[in-house]
Every structure is written in C-alpha cells, then in structure tokens.
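The values are calculated or read from the model by the stated rules, or taken from the named source; none is laboratory data. Keep in mind the model is a prediction, meaning the values are calculated, not measured. Cβ sites come from the backbone with ideal geometry, for glycine too, and all protein chains shown count toward neighbours.
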Amino acid sequence: MINTPVMIIGGGPVGLTLALCLSLQGIRSTIINDRLTTTTHPKLDVVNCRSMEIYRQLGLSEKIRAAGNPLDANQISAFAASASGPFFSVMSDRHFIYRPVADANKAIRASRDGAFPLESMQRIAQMHLEPVLLDEARRDPNIDVQMGWRLYGFDQDETGVTAMAHHVETGTVCQYRSDYLIGCDGPASRVRNFLNIDYDGTRDLLGELFIIHFRSDEIAALYPNGQPYWHTWISRPGFSGLLVSPDASRNDYVLHRPVVPKLNERLETIVAAALGTELKFEIIQSGPWRPQFLVAQSFGRDRVFLAGDATHQYMPTGGLGMNTGITEAHNLAWKIAAVLNGWGGARLMATYEDERLPIARRNRQHVRQCAAAAFEANFPKTDALLDQTPSGAAERALMGSTFEEKVSRLYESMGIEIGYRYDQSSIIAREQGPAPDYPEIDYIPSTWPGARLPSTYLANGAALFDLLSASGFTLVVNGNSPDTGEMEKLSTAATVRNVPLAVVHIGNPDLEPVYERQYLLVRPDQHVCWRGNSLPHDPGKLLDQVRGY
Amino acid sequence: MGQFFDSLRLHLLLRVIGALLSRATKTSVRLKQMLTEENFIFQIRTSNGAGGHFVLKQGHLRYHAGVHSQPDFAQIWRTPREAIQAMTSSDESAMLRAFDAGACRMEGRFLVALWFNEAMKLARPK
C-alpha cells in the first residue's frame, strides 16, 4: 500500500493544478490518471484571466504563455460569412481581452483602480497546456504522477481513504491510503459515481454538436499579418459554425458545427465551406459531442471531494469549463493544506462546497446566457445577407452589430471571471449593510468580504498579488498610520494558533480608495475574509472563524 | 390541401404538447421549479401564420392557438410539415438542424427556447 497525504484521481489540468497548489503549501500528493499520455485533442482554447493569476501564484504563467499564443499575437473574435470573408464584425479594440497579451498586460500595469485582473487571458490549446503542467508536476518532489492507472473503488473511514487502482495495460493492482481523495476525473467521474452524487439539471438540451480538428498551413494567410483570429464565428445562409485557432503560431484549427454531418456529407466539404476558399488542410480527428449545463448536487462527502468537470459540465460558451475547475482547485488546496498542516479547523473542508457550489451554479447560468447569445447572433441571417446591394450591406451591418451586442459577453465578462464572491460562507466575516453589486459582465473592484482582492501594482513596481502569502493569511495594511500594537496582538494570536500570517503594507495614497479599509485579511486564495478600519478587539476569535475552527 | 392538413396537424400537436406540459407540471419537481423561473411567451408558427403560443406567467403555463404579436421567442417554420417533423423527432438535434438548413427562423431570447427544450424533455412520455 502506498501512503500519500492527498490522492488525486485524474491528471488533467485541474488535477495537475490541484497538486501544484498543494505542493506550494508543502503538501505531497499522488495523481493517478487512466490515460497514458496527455491529450492530443486541442479541447479548451483559453486559460482565462483568473486562472492565469493562479498560475502566476504557482510561478507558471510565463511557461504557459511560452507554450501558447505568442505574446504579440491577437486574441480577436470575429463574425464572418466564412474565414475568407466578408467579415461582419471584428472585435479587436473594444476590450483589453482581445489585445495581444503584451499590450493587454501593459494596460493592466498602467491601471490604478483595481479594475483589471493581474494577468490577461492566454489563448492556448489543452493539448499544449497539459504538457507544461505535467512537466512541472513531474519535476516537483511533492508530486507523484502515475499515468495509466484507473481507480476502481475506495473506502473512507474516520482517519482516511483507501483507494484501489489497476494499471490499464498490465492489470497490476495497487492500493493507496490517503488523508483525502479528490476526484478530478472529468464528466464521467468515477469518484462522483462511487459517492452516488448526480448532477442537477437536465441533460442534452441542445442535442448533438460536432467538432473537427484539422491542420492547415494556408489558413493563416487569410488573416491580417498572417495571424489567424482566435475565434471566427461563421454565419451565412445554409452554414454556421465557429472556427477556432487556439494558437496563432500553430497550424491546428478546430471547427465547431451546431449539427452532426448528414449521411454521406464529407468532413472535407464542411471544412471547405467554413474556409470559403480552396485551401490545403488535413483532418486529424472529429466527432459529435453533447453540450451540457450541469452542476453536481454536492461537491463531496467527508474526506472525498470533487473538482473540475466532476462538479460541472458546461457548454464552452464563455470558456468556463476548465477555468471554473482551476478556481475550485485553488479554493480546495489551501483548505486541505491548512488542515494537514494543523491550523485548519474542523469546519474548514465543508466550506469548499459552501463556497464553490453557488459559483458553479452562477457560472452555469452565465454559460447558458452565453450559449443563447451565440445562437441569437445568427437570428438576423436572411437569404439576402451576401447580396452586393445596399440592403445586403445593411443586413451585414446588422449581423455585425448584433454579434457585438450579443457575443461580446462570452469574452468580456470580467464580473464572472474575477468578480465572484464567497460572501455567504461561514469562514468569511460578514459585514452589516448592503453588499455592493457584482454583475456578470463588468467587474466592479471591491474588498467586500468574500471578494477576490482587487489587483494593483504598488509604487515600487511590485504587484500586490505577488506579495501575498500563498500558504497562509496576509494582513494587507492600507494607509500610513497602522496601529502597531493591535497588529502585534493579531500576530501573536496567529502564532499561538500556528496560523501563518504575513503583513504587507501598500503605502500608496492613490490606492487607498481601491482597498476601502485600513486593514484587510486576505486568504491564501487571494480572497478577502475580513476588513476594517481598526483591528478586532479579539483577533483570536476572528482567526478562529476564518480558519473554520 | 396538404398544407391545410399539415397546419391542422400542427395545431393538434401544439395542443397535445400543451396538455403534456400541463400534466408534467403536476408530477415533475424540476418543472414545477422551472415554472417560477421567469415569465415569457413562446411561439411556434409557420411563415403563413399557422401555429400557437405558450404563455408562462406567474407560475402558470398555458397554450393558446393563434399568433401573438410580441412573443419573447418565436420559431417561424417554412412549412407546418417541417415543424411537425422536428418536434416529433427523437433526434434532439432536429431543431438546430432545421435552423441550420433554413427550414426554421428564430427570433427573440434563445434562453426561452432552452427553457422549452428542458420542459419538453421532462414532459415527454418515457
């Protein structure tokens, strides 16, 4: 039997990220993955802003960017009759998200109001993201990655979990004993099934869609500067689809179709219809898939938890599938580490579901609205769309404006990406008074307890997020006259409880309004758990609440 | 003449759907919950005006024959036969396939269509 503090089932992006987050806090883990290699399918095509912030905390943001779309390449979404035009709309300037990362990150660095994420998104295919994460995990002495092992059962008791797995090729059996077991094993999660937890929601609301992965060295030339747009939505009478270039420097493309091919309809004909011109390409793989809007009824039981697609299945409109999973892993990791390191309280693990289940449901609602918006963008289409007449031109203009009005929400919803809050959680010190809005689209910076701390750069050029503790709480001191006596009391209370506590002074008068209060207590996952203009009279009581004691 | 009978069949089908939905609202917990989620008018009609609409208002879903002037969402079918084929198909993709092929136009809020798809799945006899 192999002993490991944390057993992770599933070595996709979420499982690997969870292991890396645990390692950052000194916790060892073992990952088993029933695949022998990383995926060869492009699958997802974006690591969103919040996930990139998390990867920055892990020291991985630059490696991920190096494996994905070049820093000077666009992240544009466009709407056209085909990849060779005519284009009805090109969303390139209306939001920082469409700009090349190098430009977007300059805008982020120049901002002083906390309204931006610390990192822009990264256009990258899952098949290029996974090797970065796997390589990092394999080089980490805290992580044991075992490919080709499939879970076939587990038992949990008061002190731990015993898991049984067999090798997919040799049939060799192995047992593992761990304090916690986490199912990051995807939509058909065995862990979730063994726990007898179902998804809520109704399956298959949209039937079967179709995806074609192909390669071409000639498509790039259709686009300005030879850089294919990230997304080219295609709509004309008799054809609709989405052409994705997950990385402008590579020749991989994905074509999504809203219907499966008809009998005897050749895939080459479908791809050629999307391109609108004769180009050379090679089809790599294809298949039907069913978009879902499902969230697990529960995120775990006792010592066994779920994360990633095991907790939610979303249609990829809005890019929230893996990215929701990354934030789940980030939330779960510090709590496991706190408990295993002896300072997390008995109630801490239960707050994983309390905090993340409402976010999964909120994100599902957003994804549904995005899916609806993507369909609605096609509604004005008529047979006259491509006519070279004034009415044809007017229809194309209407298609373009409808697209921007509807589909921009898929890309620009910073409120969903970085504005989510855990304000109903029992380990958040709630405030009296009305909570500020946190809409889906616009991100309104707030330090309302439960919110992600707004990100800014300090006068010395350091990003505040880079100064926060990743393995304990951080007291962020905003303003120039902190009460050192009271701060000492808080530090003493933390020391007595073995709670790691760092102190960071902002020291920038122009940033004081962003942070709203003189003191903010920030968790390892960069969420505010308490704020005030004076420190609490009983700091121990506060620390006990926020650590789930 | 064929078109006339197809229009009658469409009316009948919509009425049956209304009855199925009404029955399911009494038995499906999920559908009961969905009734309170929003208010809308969902219309299924043909380009020559045959069809009807479903009104969800304050937790009650009712079917009305005839065309509503301001539906929140509308499917406008080229022919009643194509509407019947898609609505009675066991293929969940039939609706999108018809839209893709130009047999059906849509107007309004697609979220209403998603609501209706879910309600139909819950109401359809197992």
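Might you let me know whether the range A:72-91 holds any residue that is outside any loop (DSSP other than H, G, I, E, B), among the β-branched types (Val, Ile, Thr) and out of contact with any helix residue (DSSP H, G or I) (no Cβ under 6 Å at 6 or more places or on another chain)? Break it down into steps so the answer makes sense when it comes.
First pass over the range A:72-91, keeping only residues outside any loop (DSSP other than H, G, I, E, B): A:77-80, A:87-91.
Retained after the next criterion (residues that are among the β-branched types (Val, Ile, Thr)): A:90.
Now narrow it down to the ones that are out of contact with any helix residue (DSSP H, G or I) (no Cβ under 6 Å at 6 or more places or on another chain): A:90.
So far as the range A:72-91 goes, yes, one or more of its residues are outside any loop (DSSP other than H, G, I, E, B), among the β-branched types (Val, Ile, Thr) and out of contact with any helix residue (DSSP H, G or I) (no Cβ under 6 Å at 6 or more places or on another chain).
Could you list all residues from the range A:358-368 that are farther than 16 Å from B:LEU111 by Cβ and either modelled with pLDDT under 95 or buried (at least 19 other Cβ atoms within 10 Å of the Cβ) (or both)?
A:ILE359, A:ALA360
Looking at the range A:64-81 only, could you name the residues that are among the polar types (S, T, N, Q) and either out of contact with any strand residue (DSSP E or B) (no Cβ under 6 Å at 6 or more places or on another chain) or modelled with pLDDT under 95 (or both)? Even if it seems obvious, please write down each step before you answer.
Taking the range A:64-81 first, the residues among the polar types (S, T, N, Q) are A:69, A:74-75, A:77.
A:ASN74, the sole residue that qualifies.
From the set of residues in the range A:194-205 that are within 14 Å of chain B (Cβ to nearest Cβ) and crowded, with 18+ Cβ neighbours inside 10 Å, which is nearest to the chain's Cα centre (by Cα)?
In the first step, residues of the range A:194-205 are kept if they are within 14 Å of chain B (Cβ to nearest Cβ); the result is A:198-205.
From the residues that got through so far, the ones that are crowded, with 18+ Cβ neighbours inside 10 Å too are A:199, A:201-202, A:205.
Values: A:TYR199: 20, A:GLY201: 21, A:THR202: 24, A:LEU205: 24 Å.
The residue in question is A:TYR199.
Residues in the range B:75-106 that are within 13 Å of the chain's Cα centre (by Cα), touching a residue at least 24 places away in the same chain (Cβ under 8 Å) and at the interface with chain A (Cβ under 10 Å from one of its Cβ atoms): B:MET106 alone.
What about B:ARG30, is it more than 19 Å from B:VAL16 (Cα to Cα), in contact (Cβ under 8 Å) with a residue 12 or more places away in the chain and more than 9 Å from chain A (Cβ to nearest Cβ)? Talk me through it step by step, then tell me what you get.
Details: more than 19 Å from B:VAL16 (Cα to Cα): yes; in contact (Cβ under 8 Å) with a residue 12 or more places away in the chain: yes; more than 9 Å from chain A (Cβ to nearest Cβ): no.
Answer is no for this residue.
If you check A:SER189 against the conditions, is it crowded, with 17+ Cβ neighbours inside 10 Å, within 14 Å of chain B (Cβ to nearest Cβ), touching a helix residue (DSSP H, G or I) at 6+ places or on another chain (Cβ under 7 Å) and touching a residue at least 12 places away in the same chain (Cβ under 8 Å)? The answer is no for A:SER189. Is it the case, given these coordinates, that A:LYS381 is within 14 Å of another protein chain (Cβ to nearest Cβ), buried (at least 19 other Cβ atoms within 10 Å of the Cβ), at pLDDT 95 or above and out of contact with any Phe, Trp or Tyr (no Cβ under 8 Å at 6 or more places or on another chain)? No; evaluated as a whole, the condition is false for this residue. Name the residues in the range B:77-91 that are within 27 Å of A:GLN365 (Cα to Cα) and surrounded by fewer than 18 Cβ atoms within 10 Å (Cβ to Cβ), would you? Scanning the range B:77-91 gives B:SER90, B:ASP91.
This table checks each residue for (1) over 28 Å from A:HIS330 (Cα atoms); (2) hydrophobic (A, V, I, L, M, F, W, C).
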residue	(1), (2)
A:ASP45	no, no
A:SER51	no, no
A:ALA80	yes, yes
A:PRO86	yes, no
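Residues of the range A:132-157 being among the polar types (S, T, N, Q) and not in a strand (DSSP E or B), which ones? Lay out the reasoning, then the answer.
Start the filter on the range A:132-157 by keeping residues that are among the polar types (S, T, N, Q), which leaves A:142, A:146, A:156.
Scanning the range A:132-157 gives a single hit, A:ASN142.
If you check B:ALA113, B:ALA119 for being facing another protein chain (nearest Cβ under 10 Å), out of contact with any Phe, Trp or Tyr (no Cβ under 8 Å at 6 or more places or on another chain), buried (at least 21 other Cβ atoms within 10 Å of the Cβ) and in contact (Cβ under 8 Å) with a residue 40 or more places away in the chain, only one passes: B:ALA119. Put simply, of A:ALA397, A:ALA371, A:ALA393 the only residue that is small (Gly, Ala, Ser), under 22 Å from A:ILE97 (Cα atoms) and at pLDDT 95 or above is A:ALA371.
Selection over the range B:31-45 of residues that are over 15 Å from the mean Cα position of the chain (by Cα) and farther than 10 Å from B:LEU56 by Cβ gives a count of 3. Here B:ASP6 meets each of (1) touching a Lys or Arg at 6+ places or on another chain (Cβ under 6 Å); (2) without any contact (Cβ under 8 Å) to a residue 40 or more places away in the chain with one exception, condition (2).
For A:THR172, the conditions (1) within 14 Å of chain B (Cβ to nearest Cβ); (2) at pLDDT 95 or above are fulfilled apart from (1).
Suppose the filter is within 20 Å of B:ARG23 (Cα to Cα), away from every other protein chain (no Cβ under 14 Å) and in contact (Cβ under 8 Å) with a residue 24 or more places away in the chain; does B:LEU61 pass it? It is true that B:LEU61 is within 20 Å of B:ARG23 (Cα to Cα), away from every other protein chain (no Cβ under 14 Å) and in contact (Cβ under 8 Å) with a residue 24 or more places away in the chain. Selection of the range A:10-40 for residues being of a type in the set (A, V, I, L, M, F, W, C) and either part of a helix (DSSP H, G or I) or closer than 24 Å to A:ILE124 by Cα (or both) yields A:VAL14, A:LEU16, A:LEU18, A:ALA19, A:LEU20, A:CYS21, A:LEU22, A:LEU24, A:ILE31, A:LEU36.
For the range A:459-485, the set of residues classified as modelled with pLDDT of 95 or more and of a type in the set (A, V, I, L, M, F, W, C) consists of A:ALA462, A:ALA463, A:LEU464, A:PHE465, A:LEU467, A:LEU468, A:ALA470, A:PHE473, A:LEU475, A:VAL476, A:VAL477, listed by residue number. Confirm whether A:ALA397 is within 26 Å of A:GLN313 (Cα to Cα), in contact (Cβ under 8 Å) with a residue 12 or more places away in the chain and not in a loop (DSSP other than H, G, I, E, B). Judged against the criteria, A:ALA397 is not a match.
Within the range A:430-549, which strands (runs of 3 or more DSSP E) (wholly inside it) include 1 or more residues that are free of Cβ contacts under 8 Å to residues at least 40 places away in the same chain? Don't jump to the end; show me each part of the working.
Values: elements: A:473-477, A:501-505, A:519-522, A:528-532.
Answer list for the range A:430-549: A:501-505, A:528-532.
The residue that is farthest from the other protein chains (Cβ to nearest Cβ), counting only those in the range A:351-378 that are in contact (Cβ under 8 Å) with a residue 24 or more places away in the chain and aliphatic (A, V, I, L, M), is A:ILE359.
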